[in-house]
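Below: one structure, written as structure tokens.
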Amino acid sequence: MSAIGDVCHAAAMVNRIRRARPDIRITWIIGKIEYQLLNGMDGVEFVIYDKKTGRKGMQAIRQQFKAQRFDVLCVMQIALRANLLSRAIRAKVRLGFDKSRSKEGHSLFINKRIARQQHPHVLEGFMAFADAMGIEPVEKPAWQLPLSESDLAKGITLKQQYGRYGIICPAASKAERNWTAEGYAAAAKHLADKNIPVLLCGGPGPLDRTIGDAILAAGAPIKDDLIGNTTLKELAGVLAEASLVI
């Protein structure tokens, strides 16, 4: 599974399983970038898959698991790449999404579905996998990211430096989800007028940097530009200390 947001929501589902059934062995095939955030998570064996390796990488996964057969395989992405990769894993139950959300041939790779939901949040959709496995429900999800004191230190330092602060995370993986630079700049100015320092954050990729530069060029009063200057775990600590995240 890839995409930072998806793995965060999936982590809550995995923690629900671990809490209810600590005897269950969990193996998670995960992207190499996303692994940087969840590395160290208790009770989970991670297998890193680099999507850039394509068919060769899928063959390596197949070879690694050729002697294993799982009770349940949760196919929690509908992308064709994830569907094809799932064929490298032998499992009695191949659990996937309901028919209304099955795209890119998803139905061909599963033999059991989660219950249909009306306009679910991503987290609710993932929790439905635990429901389908008969895992006891929880009143409140728990993410419990494996963050060390050193991971949290940057956020604590910023809190000490600025007091309460807001942070803008402007770059989404899909362009249609990105707001305008002028909109972000206006929001930053509004917060600054209320004496709330504003920070920028993002990954090291060119999209994050381009959008960040556009926000700065639009006159946003940014106190600290953290784009590309934190690890994923450090960023989690920075967001945890923020009073407001946009």
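Derivation of every value follows stated rules applied to the coordinates shown; laboratory data play no part. All figures in this text were calculated on a predicted structure; none of them were measured in a lab. So basically every Cβ, Gly included, is an ideal-geometry build from the backbone, and we count neighbours across all protein chains shown.
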Computed over the chain: longest principal axis from alpha-carbon atoms vs helix 149-162 long axis, angle to nearest 10 degrees, is 30
Percent relative contact order for the chain, counting Cα pairs under 8 Å at least six residues apart, stands at 18
State, to one decimal in nm², a quarter of the convex hull surface area for the C-alpha atoms of the range 4-132, i.e. the direction-averaged projected area. 7.6
With a Förster radius of 45 Å, plug the Cβ-Cβ distance of Ser148 and Lys99 into 1/(1 + (r/R0)^6) and report the FRET value to the nearest 0.05. 0.60
Identify all lysines with a Cα-Cα distance to Lys223 below 17 Å; exclude those on the same chain that are fewer than 8 residues away in sequence. Lys154, Lys159, Lys189, Lys194
Distance in nm between Leu108 and Gln161 label points, each 7 Å along Cα→Cβ, equals 5.2
The range 149-245: Rg/Rh from Cα coordinates, Kirkwood Rh? 0.95
Table column - 3J(HN,Hα) (Hz), the range 198-215, Karplus curve with 6.51, -1.76, 1.60, x for Gly and Pro: 10, 10, 10, 9, x, x, x, x, x, 5, 4, 5, 4, 5, x, 5, 5, 5
Check the range 1-113 and count each lysine pair with an alpha-carbon distance under 23 angstrom, considering only pairs eight or more places apart or from different chains. 15
Given a cut-off of under 8 Å on Cα pairs at least six residues apart, what relative contact order in percent is computed for the range 117-246? 33
Quick calc, Gln117 & Arg81: beta-carbon distance into FRET formula, R0 22 Å, rounding 0.05, result 0.35
Over the Cα atoms of the chain, each weighted equally, I'd like the Debye log10 I(q)/I(0) at q = 0.12, 0.14 Å⁻¹, rounded to two decimals. -0.80, -1.02
What trypsin sites (Lys or Arg not before Pro) in the range 75-140 are in a loop by DSSP, with at most 15 other Cβ atoms within 10 Å of the Cβ? Arg87, Arg90, Lys103, Arg116
For the range 98-133, list residues with backbone N below 18 Å from a point placed 7 Å from the Cα of Glu176 toward its Cβ? 101-104, 119-122
